[in-house]
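To start, the structure itself, in structure tokens.
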Amino acid sequence: MTVRGVAFAAALALGGGPAAAEIKDYQIARMLNLRTECQLHALRRVEPKPGDAERFVGECGNATFYPDGIEIACPEPDDEWSCTVETEKKSFPNLDLLRRPQ
């Protein structure tokens with residue numbers, strides 16, 4: 001057995017074991033701040049639906065586009081890039097009617 005193999009076996013024997021993969025809250029906060037207009041105020045984990053590994057609900061500081069909060073589903077437990085926003089962004093197309101023609 002090589003030195004590297006002995007070190008690995010010793011780490012496993014001491015309870016080091018493989019680390020459990022988990023999506024961190026700061027990763028979801030970063031995703032929301034970069035990809036949405038949410039301006040995240042608070043974030044909490046919720047019970048995942050079948051097929052999801054992790055699920056989050058965020059409270060937005062700017063409630064214009066997400067007045068009821070924003071839901072995020074992550075199907076892969078160790079891949080933050082698999083996370084998607086499930087709440088549809090509100091749009092207000094009729095506000096354009098109030099603009100004066102140029």
**Prompt:** Taking the Cβ-Cβ separation of residue 98 and residue 63 as r and a Förster radius of 22 Å, what is the calculated FRET efficiency to the nearest 0.05?
**Reply:** 0.60
**Asked** How do 92-100, 30-38, 44-52 rank on mean C-beta neighbours within 10 Å, highest first?
**Response** 30-38, 44-52, 92-100
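Starting from 0.36 nm per residue, how many nanometres of slack lie between residue 45 and residue 33 once their C-alpha separation is accounted for?
2.6 nm
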**Request:** Using the 2.2 N^0.38 Å rule of thumb for compact globular proteins, work out how the stretch 37-102 stacks up: its C-alpha Rg over that value, please.
**Result:** 1.44
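Read-outs: derived from the displayed coordinates by stated rules, not from any lab. These numbers were taken from a predicted model, which means no experiment stands behind them. Please note: Cβ atoms are built from the backbone with ideal geometry, for glycine as well, and neighbour counts cover all protein chains shown.
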